[in-house]
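What follows is calculated from the coordinates using simple rules that are stated; it is not laboratory data. Keep in mind that what you see is a predicted model, and the values were worked out from it rather than measured. All Cβ positions, even for glycine, are placed from backbone atoms using ideal geometry, and neighbour counts span all protein chains on display.
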Amino acid sequence: MSDSTVESVKQSFRPHEFLLLFLLCCSLALNVYLAPKRIAANQNHQSPSESGRSLVVHGPIPQLPVDSIEGNHIDLAFRGKPLPTVLYFFTPSCIWCRRNLSSLESLVGLTKDKYVFYGIPLTNDGLSDYLQHNRLPFQVYSVSKNTPISLQPNATPTTLVLDANGFIQKRWDGAFTGDNKREIESYFSCSLPEISSI
């Protein structure tokens, strides 16, 4: 290489450009080094977009890991039960869940000999106050750290009907109003009051 060529290369790269090139190479090397670890971490982590993805009609829920109100871990099993199960997912702070309460209580009262009902709040925030002010007519369990996010709906209220083998027969997202109300009344062969205006 001639002296003039070396001199022109030196002039074409200023010190800050060498620094940028060095940082770019370091960043590339770091990304190559960390890529396998990030891929493995993402495969083991369920994102919020996977919320409720296993709660599809005709899909199974063989058991649901939950906590009792006292904090004891329980696996609710649904296979081989004498009666079908209704799971009612709610959130204590959810306005629609509160508005839906009188219709839900009516549904439980009208069908309690034909179905077993469980309430599943998606959070414990405000749960004790909620339960003090609202005497729910069924056993309440809460999601736990062991409850897969794929078995938690992404909105409340959500109502599921499971057959005696743990397969989802019906799912309603939202309060018992409009089309939901008509479908629920038809499915359970009952008449429900309009939801509260709160």
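Label zone (K81, point 7 Å along Cα-to-C-beta; backbone nitrogen cut-off 11 Å) within segment 140-166: 160-166.
Loop-only check: which trypsin sites (Lys or Arg not before Pro) in segment 95-198 are DSSP coil with at most 16 other Cβ within 10 angstrom? Present the calculation step by step, with values, prior to reporting the outcome.
Numbers: sites: R98, R99, K112, K114, R135, K145, K170, R171, K181, R182; in loops: K112, K114, R135, K145.
Those satisfying the criteria are K112, K114, R135, K145.
Of the GluC sites (Glu not before Pro) found in segment 161-198, those that fall in a DSSP loop while having at most 15 other beta-carbon atoms within 10 Å are E194. Backbone geometry of segment 137-149 corresponds, through the Karplus equation with coefficients 6.51, -1.76 and 1.60 at θ = phi - 60°, to 3J(HN,Hα) couplings of x, 7, 5, 10, 10, 10, 5, 10, 5, 8, 7, x, 5 Hz, x marking Gly and Pro.
Normalised by the number of residues in segment 101-198, the average gap of Cα pairs under 8 Å and 6 or more apart makes the relative contact order 30 percent. One chain, two ends: K145 and I74. Fully extended at 0.36 nm per residue, the span grows by 24.4 nm beyond their Cα-Cα distance. For segment 52-139, averaging the sequence separation of C-alpha pairs within contact (under 8 Å, six or more residues apart) and dividing by the residue count gives a relative contact order of 26 percent.
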